[in-house]
Amino acid sequence: MSDSEDIKIKAENETIADGDPSEDEEMKDILKITSLKSLGPFIASQENSQNTVYLSDVPVVCKDKPCMLGVDEAGRGPVLGPMVYGISYCPLESKQALIDLGCADSKQLTEEKRDIIFNEINTLEYANSCVGWAVEIISPNVISTSMYRRAKCSLNEVSMESAMGLIQRAIDAGVNIAEVYVDTVGPPEKYQEKLLRRFPSFKITVAKKADSTYPIVSAASICAKVTRDHALKVWRFPEGLVIKDNAFGSGYPGDPVTKRFLTENIDLVFGFPRLVRFSWSTAEKALADKAYDMEFDEPDTEKPKYAGTKLTKFFKGTNKEGEVIREECRFLKQRHLSSVHEF
């Protein structure tokens, strides 16, 4: 891609990030991501308090020939914004296409380079004719409520379920998967065992730093990272906040810009906007220091003295002849009523 094309892409992204109201109706019609330009409008058209899953069109060759599939995530550590899981797949014989695209660990690439590779995956014929991808944008609201619910779900569990869900979606879409490569969360051995139980017919490799070892995982990493970056650029606050250029920093707890955003955007009663993962210790501390203390009534734990007649009472009590003996209904007894017919 030429420098002029690169500048054009960045200009288009800046326009999208500005959130021009005149573009709202156009954004609602974005149903497919066919380039970097359409990524931001697609994300902006979704409800950011819920998870969003997107699958690219499956290349025909990926249905016919055995494929490798890579899995990686972006945004696991930040206190702000979604975590994004991504998969990428291509035929085993098409590995060179990934190398030609420049797929490498997304953390080692500049933002501009990641954007270029993502755009080329979707626009260049040699790439989109053999490489497919999918992402799940996991809402910060969903992350926090999962970790806080009564039957707690850890971030590792959220991650694994997302990864397995994306693999299953690829299978359902007709991708002929033979090998799966995953960048691990937690101990690789346990994660690999869990995946093998779910997908016993695949050759599965789970490894640390898989994104810098396997190009197919690198491609997944790039799709996930670019999607998260643009999700933050087009984030819309249903709470009515106006943050110029969405200037809340990187989202990582140590970022001073992010810290300032947290302290300046606390509702003293209702807490943080949806952008914030309120289950993170950084957010909890900011709330404890500034928000009002709230007390909630505990539910009654004592059983009521009378809970009504147990259902099992109507299925027991017979005489020696086997006839059922039922106690007269309290409702009828109190009103001096009796049954006319026995049933």
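Worth a mention:
- Elements of type helices (runs of 4 or more DSSP H) contained in the range 166-266, each with 1 or more residues being surrounded by fewer than 16 Cβ atoms within 10 Å (Cβ to Cβ) and either at pLDDT 95 or above or of a type outside the set (A, V, I, L, M) (or both): 188-198, 256-264
- Considering each residue of the range 85-107 in turn, none proves to be of a type in the set (Val, Ile, Thr), open to solvent by 20 Å² or more (accessible area, probe 1.4 Å) and more than 22 Å from residue 213 (Cβ to Cβ).
- In this structure, residue 121 does not satisfy being under 19 Å from residue 67 (Cβ atoms), modelled with pLDDT of 95 or more and open to solvent by 10 Å² or more (accessible area, probe 1.4 Å).
- Residue check, residue 167 touching a Pro at 6+ places or on another chain (Cβ under 7 Å) and touching a residue at least 60 places away in the same chain (Cβ under 8 Å): no
- Neighbours by Cβ (under 8 Å, 6+ apart or cross-chain): first from the range 130-142, in contact (Cβ under 8 Å) with a residue 12 or more places away in the chain and farther than 12 Å from residue 49 by Cβ; second among the acidic types (Asp, Glu) and open to solvent by 10 Å² or more (accessible area, probe 1.4 Å): 132/57
- Flag for residue 167 being within 23 Å of residue 80 (Cβ to Cβ) and among the β-branched types (Val, Ile, Thr): no
The values are calculated or read from the model by the stated rules, or taken from the named source; none is laboratory data. Treat the numbers as computed from the prediction; the structure is a model and nothing was measured. Reconstructed Cβ throughout: ideal geometry from the backbone, glycine too, with neighbour counts over all protein chains shown. Ligands, DNA and RNA are stripped out before the accessible areas are found, and what is left, the full protein with its side chains, is counted by its heavy atoms. Shrake-Rupley method; radii C 1.70, N 1.55, O 1.52, S 1.80 Å.
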